[in-house]
């Protein structure tokens, strides 16, 4: 009987882990946090984020745009505020899947072109409903949410409080760079 229960428990554990979401640990100069990714809502975005993480793209990039009470944005610039050369294509916007820009969620940054996101991402510091998909036009397309912070939100909040200023024509740049030191994939599925 004990063997039967142990077998059922092991099977249930395997089933749960098979359905587990990918997780990524980001270590920054301000501390570490863990992201759980949403491949069910943004499969192509998650795939590209994991690809870039796996190939070391995000290491030594910074959080270059920090607006307390709104979001922190990073993943594309060096400490010298030089844009890193991107080798991956622009992504089709997946905001239509209904992911909401809530506090602690991570979404892709982009230009005014809804389908221009490549590597930069941001973490919402509050519920930012106006960033959600509302319509399939330039003004209403929204920003693709592809994960959420599941550990270390206090680190994200700490980053939000760093002093910022201008750097060239960039605004809200941390005066002391907040560097992404390492990105480790904890689980891919």
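The values are calculated or read from the model by the stated rules, or taken from the named source; none is laboratory data. Please read these numbers as outputs of a predicted model, since none were measured by experiment. FYI the Cβ positions are ideal-geometry reconstructions off the backbone, even for glycines, and counts take in every protein chain you see.
Below is a table of values for the structure above.
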| quantity | calculated |
| --- | --- |
| Residue within segment 134-143 that is closer than 19 Å to residue 181 by Cα, surrounded by 14 or more Cβ atoms within 10 Å (Cβ to Cβ), touching a helix residue (DSSP H, G or I) at 6+ places or on another chain (Cβ under 6 Å) and modelled with pLDDT of 95 or more present | no |
| Number of the condition not met by residue 136 [criteria: (1) out of contact with any strand residue (DSSP E or B) (no Cβ under 9 Å at 6 or more places or on another chain); (2) free of Cβ contacts under 8 Å to residues at least 24 places away in the same chain] | (2) |
| Residue in segment 130-173 that is farthest from residue 40 (Cα to Cα), counting only those that are assigned to a loop (DSSP other than H, G, I, E, B) and under 18 Å from the mean Cα position of the chain (by Cα) | 152 |
